[in-house]
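Student: A single structure is presented below for examination.
The values are calculated or read from the model by the stated rules, or taken from the named source; none is laboratory data. Values in this document were obtained by computation on a predicted structure and should not be read as measured data. A quick note on method: Cβ atoms are made from the backbone with ideal geometry, for glycine too, and the neighbour counts reach across all protein chains shown. Please note that ligands, DNA and RNA were not included when accessible areas were found on the heavy atoms of the full protein model with its side chains. Shrake-Rupley method; radii C 1.70, N 1.55, O 1.52, S 1.80 Å.
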Amino acid sequence: MRSLARSGTFRLGDLRVRRLGFGAMHLSGAGIFGPPKDRDAALAVLREAVASGVNHIDTSDYYGPHITNQLIREALHPYPDDLVIVTKIGAGRGNDGSVLAASSPDELIQAVHDNLRNLDVDVLDVVNLRNMFDDSDRDGELIEAGLTVLADLQRQGLVRHIGLSNVTPAQIAAGRRICDIVCVQNHYNLAHRSDDVLIDRLANDHIAYVPFAPLGGLAPLKSLTLSCVARLLNATTAQVALAWLLRRASNMLLIPGTSSVTHLRENIAAAELNLPDTELEALGAGVSIALNSSEHD
């Protein structure tokens, strides 16, 4: 608990969370599809996270599908009063495990009800609408249709707060004309910095920024500078990368994911890592991506 307290807190609407949370995506099977290889281990990771002070869990009912939310329910229900579960809609899974767009009004409504049922809650704390399209000419249109559905579900009392995922600044601006946006979840890490300006703008508006693939995703972060800083601080490169993100902006909420209790504890310990300003600047100058794969991100 003491480790996580060092990370500080930030608000998702009226919900205050610690800035270092947990991403549940990796708790289902290989390829985020099917059941986990070790169900008891997946449940243990969730319980360890909450016991360590994590009060922000990121999930989605299309992880599995359904399985990750069912694991969260089994491990943690009835939920601690301060636990905030953030889910996302807008995608579905094919029978072959493929990820498909599922953004029609009926699909979005069904996804909200699936999340409610599998998490066993009456209202979802935060729902992110995930953009599954790559069409810059229709930025506003694609988001507006989905957010109109979500805003109606919010008025019905099924959704407390709304966020966006995998979106451009133009889509965020379009979305904010429809409803309050409490968070944006985009690809960002030491090597992928295209949202630098956006992060600062969102911070000025008190909107959380939640980077996915904070440790590089399937291709982990790697550089001589990162390795040197890790040795200097007697830390892992993953811990240094997470500590850099915590220093990067006060509105940054981290959700590193893992199916390993050992890796979970390492990630949580990053909250206590003190990055000197010189190392902070050196890391900010650039880090590359390795070609080998990594599970713990």
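Student: I'd like the accessible area for Glu141: 1.4 Å probe, protein heavy atoms, all chains in place, Å² to the nearest 10.
Tutor: About 100 Å², ignoring ligands and nucleic acids.
Student: List the residues whose amide H sits under 5 Å from the amide H of Ala213, counting only those 5 or more places along or on another chain, with H placed 1.01 Å from N in the peptide plane.
Tutor: none
Student: For Leu12, what residues show an amide H to amide H distance below 5 Å, using hydrogens built from the backbone and excluding near sequence neighbours?
Tutor: When sequence neighbours closer than 5 places are left aside, the close amide H contacts are Val17.
Student: Sticking with this structure for a sec: In percent, how large is the relative contact order of the chain, given Cα pairs closer than 8 Å and 6 or more residues apart?
Tutor: Working: 592 pairs, mean separation 57.2, N = 297.
Dividing the mean separation by the residue count of the chain yields 19 percent.
Student: What number, rounded to the nearest 500 deg cm²/dmol, is the helix-based mean residue ellipticity at 222 nm of the chain, given -39500 (n - 2.57) per DSSP H run of at least four residues and division by all its residues? Working shown, then result.
Tutor: On the way: 11 runs with 114 residues, N = 297.
Using -39500 (n - 2.57) per qualifying helix, the result is -11500 deg cm²/dmol.
Student: For the stretch 118-191 and the stretch 3-43, what is the separation of their Cα centres, given in Å?
Tutor: 20
Student: Under a Cβ-Cβ cut-off of 10 Å, what is the net charge of the residues other than Leu116 that fall near it, where Lys and Arg count +1 and Asp and Glu count -1? Don't skip to the end; give the middle numbers.
Tutor: Values: positive: Arg117; negative: Asp61, Asp114, Asp120, Asp122.
Cβ neighbours under 10 Å give a net charge of -3.
Student: As an exercise, use a Förster radius of 35 Å and the Cβ-Cβ distance of His113 and Asp196 to find the FRET efficiency, rounded to the nearest 0.05. Intermediate results must be reported in sequence, preceding the final value.
Tutor: Numbers: r = 37 Å, r/R0 = 1.07.
Calculated transfer efficiency: 0.40.
Student: Please give the contour-minus-distance gain from Ala249 to His187: 0.36 nm per residue of separation, less the Cα-Cα distance, rounded to one decimal in nm.
Tutor: In short, 20.8 nm is gained.
Student: So if each residue of separation counts as 0.36 nm, and I subtract the Cα-Cα distance between Leu280 and Leu224, what length gain in nm does that give? If you can, show how the numbers build up before the last one.
Tutor: Numbers: separation 56, 0.36 × 56 = 20.16 nm, distance 1.42 nm.
Full-extension gain reported as 18.7 nm.
Student: Now for a different question. At 0.36 nm per residue, minus the direct Cα-Cα distance, what do Asp82 and Asp134 gain on full extension? Give it in nm, one decimal, please. Don't skip to the answer; put the middle values down first.
Tutor: Values: separation 52, 0.36 × 52 = 18.72 nm, distance 3.61 nm.
Length difference between fully extended and current span is 15.1 nm.
Student: Give me the one-decimal nm value for the distance between modelled label points at Arg231 and Ala145, 7 Å along each residue's Cα-to-Cβ direction.
Tutor: Spacing of the two 7 Å Cα→Cβ label points: 5.4 nm.
Student: Considering the dipole of the chain built from charges on the beta carbon (Lys and Arg +1, Asp and Glu -1) around the Cα centre, which of Leu215, Val197, Gly64 is farthest to its positive end?
Tutor: Farthest towards the positive pole: Leu215.
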